[in-house]
Amino acid sequence: HGAGPGVLGLCRNRAPHPGQLNPKVSAFQRREVSCNRASLRGRLRELRQYLHVLREGQRFTSVPAPLGSPPRPRALSEREPILDPSVHQHLDRKINFVAGVIHPWRVSAFERLLWRACRGYLVASFVEMPEPMEDPATGESITWVIFLISYWGEQIGQKIRKISDCFHCHVYPYPESEASRADTMSGLHSQIQDLSVVLEETEQYLAQVLDKVVLALPTWRVQVQKMKAIYLVLNQCSFDVTEKCLIAEVWCPVRDLTQVQDALRQGSYKSGSSVECFVQRIPTSESPPTLIRTNKFTAGFQSIVDAYGVASYQEVNPAPYAIITFPFIFAIMFGDVGHGLLMFLFALWMVLYENSPSLRQASNEIWLTFFEGRYLILLMGAFSIYTGFIYNECFSKATVIFPSAWSVATMANHSSWSSAYLATHPSLTLDPNVTGVFQGPYPFGIDPIWSLATNHLNFLNSFKMKMSVVLGIVHMGFGVLLGVFNHVHFQQRHRLVLELLPEMVFLLALFGYLVFLIFYKWVKFSAANSLVAPSILIHFIDMFLFTSNATNRPLYQGQVPVQTVLVVLALASVPVLLLGTPLYLCCRRRALRTGCPVPVAAGEQEPLLEGQEAGNSVNATKEDVESGGHSPDAEHLDFAEIFMHQAIHTIEYCLGCVSNTASYLRLWALSLAHAQLSEVLWTMVMRNGFVRLSYVGGVVLVPVFAAFAVLTVAILLVMEGLSAFLHALRLHWVEFQNKFYVGAGYKLCPFAFAPDAWE
């Protein structure tokens, strides 16, 4: 995961457009049609309001009947004409009108202000519009209020118009004569009809335009997203002195540096720029980001490691080793041929149809989690099948692949079991010391006869517990050895002697010796002398107490002195691990300050003196350059920090070796729990379907099998599988990666168009 810094000079002269919109339907055409429709709607609304104003005003200012006609009864009503004919004949002043519409919320304030400003020299009438209309400001449908104001005098008219403007009233011209009003209303009717026809045609044309826009909309969305992403990155660049070029300080993988240079060269050529873009590598003291290239197979395993912490720059990546160790540790806790086969087939189905859009674009987050880890689930199922054959368990039942190595007939002939003996003893004991009863180990896995034994739990517990300890210590030792690559690569060879060696001595002297005792006891003792075999647990306890137990015979001659030496070596490695690195670094720093030569391991980097330049960087501040990166108390603080860090590491490692070894016993516990749950599910559910062998039993077997299948998937596959997955995750994060992996880096996030946004 190598990466290097670089500066990209991007020329601003005639920069190419990030994305050219070239759809079949122009956005300008859609905008123009929408504007025309909005203007037509506004014009039609105004004409309708004007028509309602004239209609309602006609009731207030209508001319009375001729003199020869019979008089109509007079009643006080708002609908009566404002002007009395008898009074109208004696008036010399001209009466003017102001008519329009106003929002219903402003009527009260509008009326009060008119009365106070004009001192009552007006007559105002208000009436609601017969039909609601849209408010152009809010888009809501409201019932406007029509007003008609009659007044005398030009000054009062100016006040009324100003007040109307302040209240955002829509004022319309009001003809004086009734004939003019009738002609205006007739013209409004014709205009409204014409506008309605034009608006309907515009709506139809806009619908056609939008239908075409829908086809081009996904392309537009992708292009706009790309443009926004490009401009977002360009805005993070800085100008040069001449303000004609953009300078970008970026991290670039060394392998891709040539491709970046070619892309910049092609961009300069296509844009027609007079200044060619270039790349220049600059030194920097900043820690580079981490780039780990993955594919669809390794991405799931790398995600597990990254969830713990992103690897530091050029640190050993645990993901390649987790491809094997993670499914295997999971399978130890989930060992069952039937359950592993179901998991394997489910993952195989996802792998075979991984390019299906319905699987990739599902909205269920839980499903997407399973789909992203399909290759991980595939390996977990395959390894579970393997460990299931070792445990000889298929849905909690043993399979007879090879003939059993135990012979009941030989034992019966040797013991001369009678019918009365068999009737009084439901359980029989097979003695492997009898010739012919035990014919040798089973070819692969556990002998199926153990599934019928009453002491099969004692046998499996002993086997799985010791297997968990052995695998756990091997796993931890492998993690400690992986630290060799970090120490050598980062030129810290002194840590090989002062840290790695004491760690391996402490681990192997105590727990490596425990593994040796397990294998030695398996090899030395057989069925003939198994009754006198000593207890490994008691020997291991006596090892720390520097004592021996007379009742527990030794495994080999000279066992006590060997155990004493191993404990002393383990204890002696603790001070070396605690003080070795801090004292070494302190001695080297003092020797460098006094000018004395210091032996340096081959390939190890010399430490920098105070004031010595560590490399120019554009990220270095002025204070860092002036102070040289050191303060007067830097030496004391550095040593205290190194010693504190080493003390924490020593305590964590020594105590962790004990607790982590015990933590691997979860392999035994989870394996036992899975086997017992499988057996309980078979006994309590599936076995009931085989009680009746007649046709009734066949009918009952259908719902029983359905319940067995549902419970198997829900409990044993999903719940137990998730539990085993979490425990395997913990063993990798805490017990394995903690031995060599820091995970203090950060990912390289290069500029890219995410395909999920527009697939």
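The values are calculated or read from the model by the stated rules, or taken from the named source; none is laboratory data. Computed from a predicted model, the values in this text were never measured in an experiment. Reconstructed Cβ throughout: ideal geometry from the backbone, glycine too, with neighbour counts over all protein chains shown. Side chains are part of the model used for accessible areas, which takes the heavy atoms of the whole protein and leaves out ligands, DNA and RNA. Shrake-Rupley method; radii C 1.70, N 1.55, O 1.52, S 1.80 Å.
Once both labels are positioned 7 Å from their Cα atoms along Cα-to-Cβ, the gap between residue 178 and residue 651 label points is 10.7 nm.
Quick one: if the Förster radius is 51 Å, what FRET efficiency do residue 209 and residue 282 give, using the C-beta to C-beta distance and rounding to 0.05? So the FRET efficiency works out to roughly 0.45. Distance from the alpha carbon centroid of the range 113-137 to that of the range 648-695 works out to 85 angstrom. Looking at the range 428-479, the accessible area is 51 square angstrom per residue; that uses a 1.4 Å probe and ignores ligands, DNA and RNA.
Full extension of the chain segment joining residue 707 with residue 359 gains 122.5 nm, where the gain is 0.36 nm per residue of separation less the Cα-Cα distance. Label-to-label distance for residue 478 and residue 722 is 2.8 nm, based on points extended 7 Å past Cα in the beta-carbon direction.
Over the range 320-451, Cα pairs under 8 Å with separation of 6+ residues give a relative contact order of 31 percent. The calculated FRET efficiency for residue 673 paired with residue 191, based on their beta-carbon distance and R0 = 56 Å, is about 0.05.
Calculated FRET efficiency, residue 658 and residue 303, Cβ-Cβ r, R0 25 Å, to nearest 0.05?
On the way: r = 31 Å, r/R0 = 1.24.
It comes out at approximately 0.20.
How many percent of the accessible area of the range 110-151 is carbon or sulfur, using a 1.4 Å probe? In the range 110-151, the share of accessible area belonging to carbon and sulfur is 48 percent. Spin-label pair residue 38-residue 372: with each label point 7 Å from Cα along the Cα-Cβ axis, the two points sit 4.2 nm from one another. Placing one equal scatterer on every Cα of the range 427-471 and applying the Debye formula, the log10 ratio I(q)/I(0) at q = 0.20, 0.30 Å⁻¹ is -0.81, -1.19.
Report the extension gain between residue 55 and residue 691 in nm, rounded to one decimal, defined as 0.36 nm multiplied by the number of residues separating them, less their alpha carbon distance.
In short, 219.6 nm is gained.
For the range 327-393, what class follows from the C-alpha gyration tensor (a ≥ b ≥ c being the square roots of its eigenvalues): rounded when a/c is under 1.5, otherwise prolate if a/b is larger than b/c, else oblate? Since a/c reaches 1.5 and a/b is larger than b/c, the shape of the range 327-393 is classed as prolate. The value of relative contact order for the range 402-464, using C-alpha pairs under 8 Å at least six residues apart, is 45 percent.
Apply the a/c threshold of 1.5 to the C-alpha gyration tensor of the range 696-754 and tell me whether it is rounded, prolate or oblate. Cα axes put the range 696-754 in the oblate bin.
Assuming a ≥ b ≥ c are the square roots of the Cα gyration tensor eigenvalues, decide whether the range 444-572 counts as rounded (a/c under 1.5), prolate (otherwise, with a/b larger than b/c) or oblate. Here the range 444-572 falls in the oblate category. Within straight-line reach of residue 521, meaning a Cα separation under 17 Å, sit the following lysines at least 8 residues removed in sequence or on another chain: 464, 466.
Kirkwood radius for the range 88-158, taken over all pairs of different Cα atoms as the inverse mean of 1/r, rounds to 13.7 Å.
Figure legend: label point modelled 7 angstrom from the Cα of residue 548 along Cα→Cβ; residues of the range 497-535 with amide N under 18 Å from it are 517, 533-535.
Here is the tail figure for the range 326-470: Cα pairs spaced more than 22 Å apart come to 55 percent of all pairs.
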